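Below is one structure, written out as structure tokens; the observations come after it.
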Amino acid sequence: VSAVSLPDLPLNLPPISLPYLLSLSAFTANSITDMRYYEKPDALIIRGRFRAASNGVSGGICDVSSILHISVQPGFSENAVRLIERTSAKYGFLSPEFALITAVPVNNICIAKYDEITVFAAAAVSDKNRTINIITVSSVPMTDAALLGALMTVTEAKMKVLTERKIGLTTLST
């Protein structure tokens, strides 16, 4: 896991009292309490109390205590909900959580922090694998509408990079 600095970016988001998760595949979250994260061989675990928006397994907008990035082997065909439950139990915590399941290894995750924003980005872009997963956590409170707006902004930024680098979008899996 590596850390990088981000340029100065203005964030004009309306305040509320809870932190938010921004983007799964795109996840977006707002952290209500101090966020902690742990790297395990098969998962990145982000713990805290979050108001989160997710387009992943069991996604939506809700309060969660864990965000999981679970790495699987290419060709994974198991029941996703059971894998999430098993991974949660393996590392000793209970729901509610949001999770993404991906063939991108945990050691491909880059962590960047700038002011109140922490981004966990995992990418594998090759001839056979075009996956970019982004989890963004803000300690600045946001409304649900701002949370969804941030999720869209993260997704748009991902697509801009792919377009600028001329990476084929029709074969992008996530």
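Read-outs: derived from the displayed coordinates by stated rules, not from any lab. From a predicted model like this one, the values you see are computed outputs, not experimental measurements. Please note: Cβ atoms are built from the backbone with ideal geometry, for glycine as well, and neighbour counts cover all protein chains shown.
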Name the long-range amide H neighbours of T143: under 5 Å, sequence gap of 5 or more, or other chain; modelled H, no Pro or chain starts.
-> I16
Amide H contacts of A99 (H built 1.01 Å from N, under 5 Å, at least 5 apart or other chain) | V57, L68
For A157 and K90, extending 7 Å from Cα along the Cα-Cβ vector and measuring point to point gives, in nm, a value of 3.0 nm
Cross-link partners of K90 among lysines (Cα-Cα below 17 Å; sequence separation of 8 or more within a chain) | K40
Overall Cα dimensions of the stretch 64-141 - principal axes, largest extent first, Å | 38, 36, 17
Whole-Hz Karplus couplings 3J(HN,Hα) for the stretch 158-166, θ = phi - 60° and coefficients 6.51, -1.76, 1.60, Gly and Pro as x, run 4, 5, 4, 4, 4, 5, 4, 8, 6
Tally Lys and Arg at +1 and Asp and Glu at -1 over the other residues with C-beta under 13 Å from the C-beta of C62: what net charge comes out?
-> -1
Would you grab the residues whose amide H sits under 5 Å from the one on Y37? Only those 5+ places off in sequence or on another chain, please, with H modelled 1.01 Å from N.
-> R47
List, in order, the whole-Hz ³J(HN,Hα) value for each residue of the stretch 134-150 obtained from phi through the Karplus relation with A = 6.51, B = -1.76, C = 1.60 and θ = phi - 60°; use x for Gly and Pro.
-> 10, 10, 10, 10, 10, 8, 8, x, 9, 6, 4, 4, 5, 4, 5, x, 5
